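Chemist: First, the structure itself, so that you have it in front of you.
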Amino acid sequence: MSEPDSEALQVTIASPKGGSGKTMTTILLAGEFAAAGHKVLVVDTDPQESASRWHRNSKKVGFALRNIDLASVTDIAALGDTLKGARHYSLILVDIQGTASAAMGAAVAYADFVVIPTRPHVFDVDGSLALIRQIELLGGRHRSIPYGVLMNGVSGIDKNTMAFRTALAQLTKAEVQLFDSFLSQRPTFGAIATAGTLYEVDGDTKPIKDARDQTNAVAAEIINRLGSAR
């Protein structure tokens, strides 16, 4: 990770449509990296402002959100200014939705890594493959933008369904960069997406520990992939 006063690393969390768990993934990663001592800026460019509501709700009910700041951005110029002015952060997480979003180009083109959360279903995978093609175009002739497709909202039942196996086969056939780790469908994740982080909630229960282990695996894989790309 970057040291203070050096250029912050930027990870963009992108999805072609809603319902992929994009903002939840952003929130979980913010909590994970912040708990490890990194200063994190979450940049919310989604018109639905889900990350911004999470931040406000968290503060309202008393969560400190240590090492996590949030900036809500409404246009491309503001996004550029925000990213340029974030040098004192270790990590910038950009939450963006929709391939037609005006901010998509900047959010992806300047990213060190792009996380693409997708539900394990064929229609979601189709959208993710279209987004990957856009990422490849944004890289141009001289740069290949590192990315990873993250299976999200996976349940034990999903793994045994034809829909899951078909989606996985579709991704494998397309030879996309797929995360080894994944995020399960957990009530704990849903609660955190409303307020707080996995490291600021009360209690040290097994569901919390299991949720932390899973998000830690995703964060560790991002770090490893960032290292390989540099």
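The values are calculated or read from the model by the stated rules, or taken from the named source; none is laboratory data. Remember, predicted model here, so these are calculated numbers, not experimental data. Here Cβ is always computed from backbone atoms with ideal geometry, including for glycine, and neighbour counts include all displayed protein chains. To get the accessible areas, we keep the full protein, side chains included, count just its heavy atoms, and leave off ligands, DNA and RNA. Shrake-Rupley method; radii C 1.70, N 1.55, O 1.52, S 1.80 Å.
Chemist: Within region 52-79, which residues are surrounded by 15 or more Cβ atoms within 10 Å (Cβ to Cβ), assigned to a helix (DSSP H, G or I) and either at pLDDT 95 or above or in contact with a Lys or Arg (Cβ under 7 Å, 6 or more places away or on another chain) (or both)?
Modeler: Here is the first cut: in region 52-79, the ones surrounded by 15 or more Cβ atoms within 10 Å (Cβ to Cβ) are 52-55, 58, 63, 65, 67-73, 76, 78-79.
With assigned to a helix (DSSP H, G or I) added as a condition, the list becomes 52-55, 58, 76, 78-79.
Correct list: SER52, ARG53, TRP54, HIS55, SER58.
Chemist: Taking ALA211 as the residue in question, decide whether it is among the aliphatic types (A, V, I, L, M), under 23 Å from SER50 (Cβ atoms) and either in a loop (DSSP other than H, G, I, E, B) or modelled with pLDDT of 95 or more (or both).
Modeler: Working: among the aliphatic types (A, V, I, L, M): yes; under 23 Å from SER50 (Cβ atoms): yes; either in a loop (DSSP other than H, G, I, E, B) or modelled with pLDDT of 95 or more (or both): no.
When the stated conditions are applied, ALA211 does not pass them.
Per-residue answers, yes or no, for (1) part of a loop (DSSP other than H, G, I, E, B); (2) open to solvent by 50 Å² or more (accessible area, probe 1.4 Å); (3) modelled with pLDDT under 90; (4) more than 20 Å from LEU29 (Cα to Cα):
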position	(1), (2), (3), (4)
ALA107	no, no, yes, no
VAL115	no, no, no, no
ASP124	no, no, yes, yes
LEU171	no, no, yes, yes
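Chemist: Please verify whether ALA219 is buried (at least 18 other Cβ atoms within 10 Å of the Cβ), within 14 Å of the chain's Cα centre (by Cα) and part of a helix (DSSP H, G or I), treating the condition exactly as stated.
Modeler: Numbers: buried (at least 18 other Cβ atoms within 10 Å of the Cβ): yes; within 14 Å of the chain's Cα centre (by Cα): yes; part of a helix (DSSP H, G or I): yes.
For ALA219, the condition - buried (at least 18 other Cβ atoms within 10 Å of the Cβ), within 14 Å of the chain's Cα centre (by Cα) and part of a helix (DSSP H, G or I) - is met.
Chemist: I've got another one for you. Please enumerate the residues belonging to region 10-27 that are hydrophobic (A, V, I, L, M, F, W, C) and either on the phi > 0 side of the Ramachandran plot or open to solvent by less than 10 Å² (accessible area, probe 1.4 Å) (or both). Working first, answer last.
Modeler: Of all residues in region 10-27, those hydrophobic (A, V, I, L, M, F, W, C) come to 11, 13-14, 24, 27.
VAL11, ILE13, ALA14, ILE27 - these are the residues of region 10-27 that are hydrophobic (A, V, I, L, M, F, W, C) and either on the phi > 0 side of the Ramachandran plot or open to solvent by less than 10 Å² (accessible area, probe 1.4 Å) (or both).
Chemist: When residues of region 134-153 are filtered for being open to solvent by 10 Å² or more (accessible area, probe 1.4 Å), hydrophobic (A, V, I, L, M, F, W, C) and closer than 19 Å to GLY18 by Cα, how many remain?
Modeler: Total satisfying the criteria: 1.
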